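The values are calculated or read from the model by the stated rules, or taken from the named source; none is laboratory data. In this text, all values refer to a predicted model and were calculated from it rather than measured experimentally. Counting neighbours? That spans all protein chains shown, and the Cβs are built from the backbone with ideal geometry, glycine included.
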Amino acid sequence: MERYRKISFWATICVALFIINFAFCILCMNKTVYEKCFDNYTGSEKDIDIPIEASGAEKSDTAYEIKLEPFEMKANFEKLSDDFKAFFKGKYELIGYELDEHNVDRLNHIKWFYRLAWIASIATLAGMIHCFIILSKRRMFMPFIYGGVLSAFFTAVNTVIFIRSDREFYSAARDMVFRENYRYFSDKDILIRILPPSYARWMAIAYLLFVAVLIVLMILIRWFILFCGRPHKF
């Protein structure tokens, strides 16, 4: 019985880590979220020329002369998203523009977390399958629920760290989400100009919602397994 308890513990950990990492993989540079933000932004009365607030370095005069049509913004983001999600690719080839080396480094820094999240998602999914194959012999499926609860706890802890941390990346991310300020990136190319100001905020909101959906899904899976395993009355 002690063996099954240990496996149940690891199954719970795998479920929790799978949820928080898989949600990040799906929502990072997500095109659907972008399209919603883009449609709201271009449909408003705001000028399409997105304001830039750089930190540290002097603002580039040439950056402010760049004027992009809505279709250019959308097409370049789709190309950027495709290049970002290409697992082994570290270059970003936009349509008619080149990214500043500083921005390439910043994107690759975020992509490092993206790659790590995919590796963790695949590893924890394999761990889940292995654990539940063994646990199914004893019909021990509570780790689905325990893992969902643990993922909610991890998400809450990560949110507190995100809000309270003084590290540069977290500080810059807070500016993106709460102040619509993308100072983390350089203003010497079009990167900031193809991002609607509310994009980071809605990605964060979509991440939390997707985590909640995955938690509910885990609970439904556990309920479905128990329901299918009940003896039928004829």
Handout entry: Candidates ASP105, ASP49, ASP100, ASP83 - the one that is modelled with pLDDT under 65 and not aliphatic (A, V, I, L, M)
Key = ASP49
Problem - Which listed residue is over 14 Å from the mean Cα position of the chain (by Cα), polar (S, T, N, Q) and buried (at least 19 other Cβ atoms within 10 Å of the Cβ), from SER121, SER186, SER165 - result: SER186
Fill in the blank from the handout: Filtering the stretch 79-110 down to residues that are of a type outside the set (Ser, Thr, Tyr), free of Cβ contacts under 8 Å to residues at least 40 places away in the same chain and not in a helix (DSSP H, G or I) yields ALA86, PHE87, PHE88, LYS89, GLY90, LYS91, GLU93, ILE95, GLY96
Handout entry: ILE129 being over 26 Å from ALA86 (Cα atoms) and assigned to a helix (DSSP H, G or I)
Key = yes
Exercise for the section: Determine if the stretch 111-126 includes at least one residue that is assigned to a loop (DSSP other than H, G, I, E, B), modelled with pLDDT under 95 and of a type in the set (Lys, Arg). Expected result: no
Exercise for the section: State all residues of the stretch 168-184 that are in a loop (DSSP other than H, G, I, E, B) and within 17 Å of MET203 (Cα to Cα); if no residue qualifies, say none. Expected result: GLU180, ASN181, TYR182, TYR184
Completion exercise
If we keep only residues of the stretch 172-181 that are of a type outside the set (Asp, Glu) and more than 17 Å from the chain's Cα centre (by Cα), then the residue surrounded by the fewest Cβ atoms within 10 Å (Cβ to Cβ) is ARG179
